[in-house]
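The values are calculated or read from the model by the stated rules, or taken from the named source; none is laboratory data. Computed from a prediction, not measured in an experiment: that's the story for all the values here. Positions of Cβ are generated from backbone atoms using ideal geometry, with glycine treated the same way; all protein chains shown enter the neighbour counts.
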Amino acid sequence: MKKIRKHLNLSQQELALLLNTSRSAIAMYEKGLRDLPAAAALKWMQLQLQWQQDQRKPNLLRLHQSAHLTVQQEQSLMLLNAQEQRAAARTVTITQQLSVLEKRHRLLLQKLYFLKELLAESPAHSRHAALLKNRMQHTLISLAECSPACRQLLAFQLQVLTARQKAALAGKVILLQQG
């Protein structure tokens with residue numbers, strides 16, 4: 001696996017994304033410590049078969065191992081690398097935002113339940129009850145800012161970014177197979 005991965009100029013992380021598995025699974029497979037998951041193994045066999053078929057095709061660029069990619073291929077590769085890096089960086093940012101929102105949502109729910117309990121124990125028209133109602137309203141407003149819909153939107157953005165990374169990787173594989 002490592003030989004073909006290196007020939008395609010893919011990192012373990014990039015191959016893991018292509019095979020829809022983890023980088024550690026790739027590393028352990030390359031060391032002979034673990035088998036690939038069935039779905040990843042099937043994708044790997046398909047990629048390996050494609051690579052072997054490409055190796056058998058007569059190709060002037062392959063006959064001259066020192067030949068470089070065309071200028072257009074190099075530019076495309078640079079753009080794909082940049083796209084992949086931007087998507088990876090944005091993935092980290094959104095993952096952090098999602099984590100913060102989930103934590104904030106849990107804390108605000110706890111606060112809301114606590115305020116409700118305090119309100120139930122307070123005299124109905126007291127100043128303390130009015131203060132608690134005011135705090136509950138502020139808490140509800142804050143909860144709306146980290147609602148399930150907001151968290152779902154971030155989760156969707158993560159899926160889109162993962163798809164962009166995979167598409168960039170697939171494009172790189174195609175370019176490198178041509179070269």
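Restricted to region 108-133, and to residues that are within 23 Å of Ala144 (Cβ to Cβ) and of a type outside the set (A, V, I, L, M), which residue is surrounded by the most Cβ atoms within 10 Å (Cβ to Cβ)? It comes out as Lys111. The residue that is nearest to Gln152 (Cα to Cα), among those in region 99-141 that are in contact (Cβ under 8 Å) with a residue 40 or more places away in the chain and either of a type in the set (S, T, N, Q) or in contact with a Cys (Cβ under 7 Å, 6 or more places away or on another chain) (or both), is Leu101. With respect to being at pLDDT below 80 and surrounded by fewer than 10 Cβ atoms within 10 Å (Cβ to Cβ), His68 falls outside the description.
Could you check Gln97 against (1) within 30 Å of Leu17 (Cα to Cα); (2) loosely packed, with under 13 Cβ neighbours inside 10 Å; (3) modelled with pLDDT of 90 or more and say which number it fails? In the conditions (1) within 30 Å of Leu17 (Cα to Cα); (2) loosely packed, with under 13 Cβ neighbours inside 10 Å; (3) modelled with pLDDT of 90 or more, Gln97 misses (2) alone. Put simply, of Gln157, Gln83, Gln137, Gln165 the only residue that is touching a Gly at 6+ places or on another chain (Cβ under 9 Å) and either modelled with pLDDT of 90 or more or surrounded by 16 or more Cβ atoms within 10 Å (Cβ to Cβ) (or both) is Gln83. Yes or no: Gln55 touching a helix residue (DSSP H, G or I) at 6+ places or on another chain (Cβ under 6 Å) and without any contact (Cβ under 8 Å) to a residue 24 or more places away in the chain? Spelling it out, it is not the case that Gln55 is touching a helix residue (DSSP H, G or I) at 6+ places or on another chain (Cβ under 6 Å) and without any contact (Cβ under 8 Å) to a residue 24 or more places away in the chain.
Looking at region 5-14, can you tell me whether even one residue there is surrounded by fewer than 15 Cβ atoms within 10 Å (Cβ to Cβ), under 19 Å from Ala170 (Cα atoms), touching an Asp or Glu at 6+ places or on another chain (Cβ under 7 Å) and not assigned by TED's automatic domain parsing to the domain that holds Ala163? Checked against the condition, which is being surrounded by fewer than 15 Cβ atoms within 10 Å (Cβ to Cβ), under 19 Å from Ala170 (Cα atoms), touching an Asp or Glu at 6+ places or on another chain (Cβ under 7 Å) and not assigned by TED's automatic domain parsing to the domain that holds Ala163, region 5-14 yields no hits at all.
So which residues in region 25-50 are farther than 16 Å from Ala170 by Cα and touching a residue at least 24 places away in the same chain (Cβ under 8 Å)?
So in region 25-50, the residues farther than 16 Å from Ala170 by Cα come out as 25-39, 41-42.
Listed by number, the residues that qualify are Ile26, Tyr29, Glu30.
May I ask you to verify whether Arg135 is closer than 24 Å to Leu19 by Cα, in a helix (DSSP H, G or I) and not small (Gly, Ala, Ser)? Criteria not met by Arg135. If you go through region 160-172 and keep only what is within 20 Å of Leu15 (Cβ to Cβ) and not small (Gly, Ala, Ser), you end up with Leu161, Thr162, Arg164, Gln165, Lys166, Leu169, Lys172. Of the residues making up region 2-24, those that are of a type in the set (A, V, I, L, M, F, W, C), in contact (Cβ under 8 Å) with a residue 60 or more places away in the chain and in a helix (DSSP H, G or I) are Leu17, Leu18.
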